[in-house]
1. Using DSSP to call loops (not H, G, I, E or B), can you name the trypsin sites (Lys or Arg not before Pro) in segment 38-67 whose Cβ has at most 15 other Cβ atoms within 10 angstrom?
2. Starting from segment 110-158, pick out the trypsin sites (Lys or Arg not before Pro) whose DSSP state is loop and whose Cβ has at most 16 other Cβ atoms within 10 Å.
3. Just to be sure I understand: with springs between alpha-carbon atoms less than 10 Å apart, which residue in Asn86, Asn49, Asn97 has the highest mean-square fluctuation in the Gaussian network model of the chain?
4. Could you do me a favour and compute the accessible area per residue for the chain, 1.4 Å probe, result in Å²?
5. Count charges around Ala68 for me, please; just the other residues with Cβ under 13 Å from its Cβ, Lys/Arg as +1, Asp/Glu as -1.
6. Using a 1.4 Å probe, how large is the accessible area of Thr43, given in Å² and rounded to the nearest 10?
7. Considering only DSSP states other than H, G, I, E and B, which chymotrypsin sites (Phe, Trp or Tyr not before Pro) in segment 61-169 qualify as loop sites with at most 16 other Cβ atoms within 10 Å?
8. Return the subset of Lys138/Lys162; Lys111/Lys138; Lys138/Lys167; Lys31/Lys61; Lys61/Lys138; Lys111/Lys169 for which the Cα-Cα distance in this structure is over 27 Å, preserving the input order.
Amino acid sequence: LCILAAEDASFFEHGGISLRGIARAALVNLKSGAIRQGGSTLTQQLVWNLFLTHERTYSRKAREAVLALLVDLRYSKRQILEAYVNEIYLGAQGSVNLMGVGAASWAYFGKEPSRLTLSEAATLAGMIPSPARYDPVKHPEAAKVRRDFVLDRLAELQWIEKERLEKLKQ
């Protein structure tokens, strides 16, 4: 829930790419004169992590879109989401990379993902754009700001009640 709110709220509604997300990101980037926002769906992010280089070119982005459409045709949304949460990079502890929500849940909170509070889950979801910057151990204030962003998105999407929001932020 938290990952969807933070990264791709329309995940279950699109076919692997989101034209609305691409248009929104293009508008923001055009206005700012620089790349400030991405329009990638979770499916595109998964494809990018598994199959493509991290070069920032239009041709790589086009390949990513085509592959995301193919993945969405071949696999269920549940399978795609499961692959994403198991593949996403969420920081490191020492020389060990934390790949997936399971590893990050144990590393940061000492428990399995199913036992995380909504606030803890929001912390992990908030780390996705920049795990080093939003590491809750090394940068607790930055992690809290991102966690609160995710919690605010949950309320904005009406996935949690506004009354519950303030309690979660504490």
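1. Working: sites: Arg56, Arg60, Lys61, Arg63; in loops: Arg56.
Loop-located and lightly packed - Arg56.
2. Working: sites: Lys111, Arg115, Arg133, Lys138, Lys144, Arg146, Arg147, Arg153; in loops: Lys111, Arg133, Lys138.
Listed in order of number, the matching sites are Lys111, Arg133, Lys138.
3. Of the options given, Asn97 has the highest mean-square fluctuation.
4. Numbers: 10130 Å² over 170 residues.
In whole numbers, the chain has 60 Å² accessible per residue.
5. On the way: positive: Arg60, Lys61, Arg63, Arg74, Lys77; negative: Asp8, Glu64, Asp72.
So the environment of Ala68 carries a net charge of +2.
6. 0
7. On the way: sites: Tyr75, Tyr84, Tyr89, Trp106, Tyr108, Phe109, Tyr134, Phe149, Trp159; in loops: Tyr75, Tyr134, Trp159.
Within segment 61-169, the qualifying chymotrypsin sites (Phe, Trp or Tyr not before Pro) (loop, at most 16 other Cβ atoms within 10 Å) are Tyr75, Trp159.
8. Values: Lys138/Lys162 30 Å; Lys111/Lys138 19 Å; Lys138/Lys167 24 Å; Lys31/Lys61 20 Å; Lys61/Lys138 33 Å; Lys111/Lys169 20 Å.
Exceeds cut-off: Lys138/Lys162; Lys61/Lys138.
The values are calculated or read from the model by the stated rules, or taken from the named source; none is laboratory data. If you're wondering where the values come from, they're calculated on a predicted model, not measured in any experiment. So basically every Cβ, Gly included, is an ideal-geometry build from the backbone, and we count neighbours across all protein chains shown. Ligands, DNA and RNA are excluded from the accessible area calculation, which covers all protein heavy atoms including side chains. Shrake-Rupley method; radii C 1.70, N 1.55, O 1.52, S 1.80 Å.
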